[in-house]
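Have a look at the structure below, then the notes.
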Amino acid sequence: RLMRRNGAYLVPTVLAGVTVAELAETSDFMTDNQRAKSREVGPAMLDMARRAHEGGVTIAFGTDSGVSRHGVNAREFELLVEAGLTPMEAIVTATINASRHLQMDEAIGTIEPGKFADIIAVDGDPLENISELRDVDFVMKGGEVYLSE
């Protein structure tokens, strides 16, 4: 309630917690105590994002997990949907909400004349299946199209 009342943003980076929980099952470098605690992190972070969303807290997208592999950031969208956001709400966390959180919404965050925008294209409809964002066909940046390999 305090976050909502003060207009604070939550950048949950749920992928970090889920990755740590998954590492607890596959790694050989954790002690038993670390493994037990790590197993709790992913579900706790998902629940935190769910409760914040249900409570009306504005969520912004973040990918600074530091523990997940390079190139899997789109999984954060899936986790936000798992936490109760609609696919569109999850996309808004990475566009409009993120730009407002950075206080840059006059320049980025929406596609409109006079704003900077990087645009992606995917084969399917991410509003029907948010996992489509994992398979980007191309990126348009500065008017140049870069095809995925």
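The values are calculated or read from the model by the stated rules, or taken from the named source; none is laboratory data. In this text, all values refer to a predicted model and were calculated from it rather than measured experimentally. Neighbour counts are summed over all protein chains in view; Cβ atoms, including those assigned to glycine, are modelled from backbone coordinates with ideal geometry.
Values as computed for the structure displayed
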{"read-out": "Exclusive hit being in contact (Cβ under 8 Å) with a residue 12 or more places away in the chain, on the phi < 0 side of the Ramachandran plot and not in a helix (DSSP H, G or I), set I120, I91", "value": "I120"}
{"read-out": "Residue match in the range 32-51 (condition: over 30 Å from Y146 (Cβ atoms) and touching a residue at least 60 places away in the same chain (Cβ under 8 Å))", "value": "no"}
{"read-out": "Residue match in the range 110-119 (condition: surrounded by 14 or more Cβ atoms within 10 Å (Cβ to Cβ) and over 20 Å from A8 (Cα atoms))", "value": "yes"}
{"read-out": "Output for the range 98-122, where each listed residue is of a type outside the set (S, T, Y) and touching an Asp or Glu at 6+ places or on another chain (Cβ under 6 Å)", "value": "A121, V122"}
{"read-out": "Among (1) in contact with a strand residue (DSSP E or B) (Cβ under 9 Å, 6 or more places away or on another chain); (2) loosely packed, with under 14 Cβ neighbours inside 10 Å; (3) polar (S, T, N, Q); (4) at pLDDT 95 or above, the one test that S148 misses", "value": "(4)"}
{"read-out": "Test result for R75, in contact with a Lys or Arg (Cβ under 8 Å, 6 or more places away or on another chain) and modelled with pLDDT of 95 or more", "value": "yes"}
{"read-out": "Residue match in the range 58-79 (condition: surrounded by 11 or more Cβ atoms within 10 Å (Cβ to Cβ), touching a residue at least 12 places away in the same chain (Cβ under 8 Å) and farther than 26 Å from E22 by Cβ)", "value": "yes"}
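Table: residues versus (1) of a type in the set (A, V, I, L, M); (2) touching a Phe, Trp or Tyr at 6+ places or on another chain (Cβ under 6 Å); (3) at pLDDT below 95; (4) surrounded by fewer than 20 Cβ atoms within 10 Å (Cβ to Cβ).
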site	(1), (2), (3), (4)
R5	no, no, yes, yes
V11	yes, no, no, yes
G17	no, no, yes, no
L23	yes, no, yes, yes
T31	no, no, yes, yes
R35	no, no, yes, yes
E54	no, no, no, yes
